[in-house]
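> Below are the structure tokens for one structure; questions will follow.
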Amino acid sequence: MRLSEYAGRLDDALDTAAYADVDASANGVQVGPDDAEVERVAFAVDAAAATIEAAADAAADVLVVHHGISWGGFDRVTGQTYDRVEALIENDIALYVSHLPLDGHADLGNAAGVAGAIGLEEREPFGEIGPVTIGTVGELAEPLPAASIRETLDGFEGQPDGEASPTRVLDFGPDEIERVAIVTGSGVDWLDEAAEAGADALITGEGKGQVYHDAREAGVTVFLAGHYATETFGVRSLESLSAGWGLETEYVSHPTGL
């Protein structure tokens with residue numbers, strides 16, 4: 001199929017247009033001609049020199065990522081931006097990006113993937129940003145101690161050396177956790193919303209200095225499972241979706257440990 005059709009299918013599936021006014025990322029096709037033919041697609045969390053090189057080695061026509069190279073447009077195409085654009089063009093690889101739409105999608109999103117991994121049920125949209133949401137909140141099938149949830153999160157892809165991704169836990173919630181809110185990546189700004197939603201815990205990727213005291217005073221356990229580690233699920237879901245459309249696919253694993 002043509003790139004324009006492929007991108008249109010992804011945009012429709014992810015409801016990309018709904019996030020246009022709140023996302024700094026230029027979602028959709030960031031590099032590539034609309035009439036390019038798409039047969040093989042590579043998927044990665046980040047658009048970087050290493051993942052573009054891997055996509056080229058896989059003979060991909062498109063690289064689909066969560067973190068792209070255009071955040072509010074380009075003032076100048078120089079430095080690393082130039083190198084990445086040059087590598088894409090030289091290897092005839094288009095770049096498709098989905099940032100917040102891929103965080104919050106109820107089925108395909110990063111938060112949905114984390115929720116599935118820990119067995120979260122009765123899920124509802126969570127993590128408001130303007131008129132949309134970027135996370136989920138729900139109930140565990142049975143109450144669990146923080147250590148059990150941490151064990152699951154530690155198994156996520158996330159370390160460059162292939163080792164398990166260690167999860168930092170601010171264990172200020174109840175001994176048995178039942179209700180969990182999830183915003184992947186950098187999501188501690190939604191701690192207050194998690195407390196208001198009655199969550200015993202918030203799962204996200206990375207923290208900020210004030211989260212320790214905020215979580216302690218709110219009585220909410222916070223799991224910091226890694227920005228990269230919590231955001232592999234969305235692109236893997238898009239890989240499965242694309243394979244169902246008859247395209248050849250390749251997942252590029254390049255964990256950062258962060």
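> Which value, in Å², gives the accessible area per residue of the range 177-258 when a 1.4 Å probe is used on the protein heavy atoms?
40 Å²
> Note down the magnitude of the dipole of the chain about its Cα centre, charges +1 on Lys and Arg C-beta and -1 on Asp and Glu C-beta and zero elsewhere, to the nearest 20 debye.
Dipole magnitude for the chain comes out near 320 debye.
> Hey, another quick one. So which trypsin sites (Lys or Arg not before Pro) in the range 181-248 end up in coil per DSSP with only 13 or fewer other C-beta atoms within 10 Å?
Those that pass, being in a loop and sparsely packed, are K208.
> Round to the nearest 10 and give me the degree value, 0 to 90, for the angle of helix 3-14's Cα axis relative to the longest principal axis of the chain.
In the chain, helix 3-14 runs at an angle near 10 degrees to the longest axis.
> Something else about it: Keeping the other protein chains in place, figure out the carbon and sulfur percent of the accessible area of the chain, with a 1.4 Å probe.
Carbon plus sulfur share of accessible area: 44 percent.
> May I pose another question? Treat every Asp and Glu Cβ in the range 1-152 as -1 and every Lys and Arg Cβ as +1, leave all other atoms uncharged, and give the resulting dipole magnitude about the Cα centre to the nearest 20 debye.
260 debye
> Okay, helix-only estimate at 222 nm for the chain: each DSSP H run of n ≥ 4 adds -39500 (n - 2.57), divide by all residues, round to 500 deg cm²/dmol; what do you get?
Dividing the helical sum by the residues of the chain leaves -9000 deg cm²/dmol.
> Probe 1.4 Å, all protein chains in place: accessible area of I134 in Å², nearest 10?
Counting only protein heavy atoms, I134 exposes about 10 Å² to solvent.
> Same structure, new question: Could you grab the relative contact order for the range 178-258? Cα pairs under 8 Å, six or more apart, rounded to a whole percent.
It rounds to 27 percent for the range 178-258.
> Here's another thing I want to ask about it. Taking Cα centroids, how far is the range 202-232 from the range 121-173 in Å?
The two parts, judged by their Cα centres, are 9 Å apart.
> Rounded to the nearest 5, what is the percent of antiparallel bridges among the DSSP beta bridges in the chain?
Within the chain, antiparallel bridges account for around 50 percent of the total.
> Given the C-alpha centroids of the range 20-36 and the range 55-119, what is the distance between them in whole angstrom?
Measuring centre to centre over Cα atoms gives 10 Å.
> Still on this model: What's the ranking of 140-148, 62-70, 91-99 by average number of surrounding C-beta atoms within 10 Å, highest first?
Going by the mean number of other Cβ atoms within 10 Å, highest first, we get 62-70, 91-99, 140-148.
> Now for a different question. Using the Cβ atoms and a cut-off under 10 Å, what net charge is assigned to the surroundings of V137, where Lys and Arg are +1 and Asp and Glu are -1?
Counting the neighbours of V137, the net charge comes to -2.
> Would you mind classifying the chain by shape? Square roots of the alpha carbon gyration tensor eigenvalues, ordered a ≥ b ≥ c; an a/c under 1.5 is rounded, otherwise it is prolate if a/b is larger than b/c and oblate if not.
Cα axes put the chain in the prolate bin.
> If you average the sequence gap of Cα pairs under 8 Å that are 6 or more apart and divide by the length of the range 1-156, what percent do you get for the contact order?
21 percent
> Another one. Express the accessible area of the range 1-91 per residue in Å², computed with a 1.4 Å probe while the remaining protein chains stay in the model.
Per residue, the range 1-91 has 49 Å² of solvent-accessible surface.
> Still on this structure: Check each of the trypsin sites (Lys or Arg not before Pro) in the range 110-198 and keep only those in coil by DSSP with at most 16 other C-beta atoms within 10 angstrom; list them in order.
Hits after loop and neighbour filter: nothing returned.
The values are calculated or read from the model by the stated rules, or taken from the named source; none is laboratory data. In this text the structure is predicted, and so the values were computed from the model without any measurement. A quick note on method: Cβ atoms are made from the backbone with ideal geometry, for glycine too, and the neighbour counts reach across all protein chains shown. Surface accessibility is based on the protein's heavy atoms, side chains included, excluding ligands, DNA and RNA. Shrake-Rupley method; radii C 1.70, N 1.55, O 1.52, S 1.80 Å.
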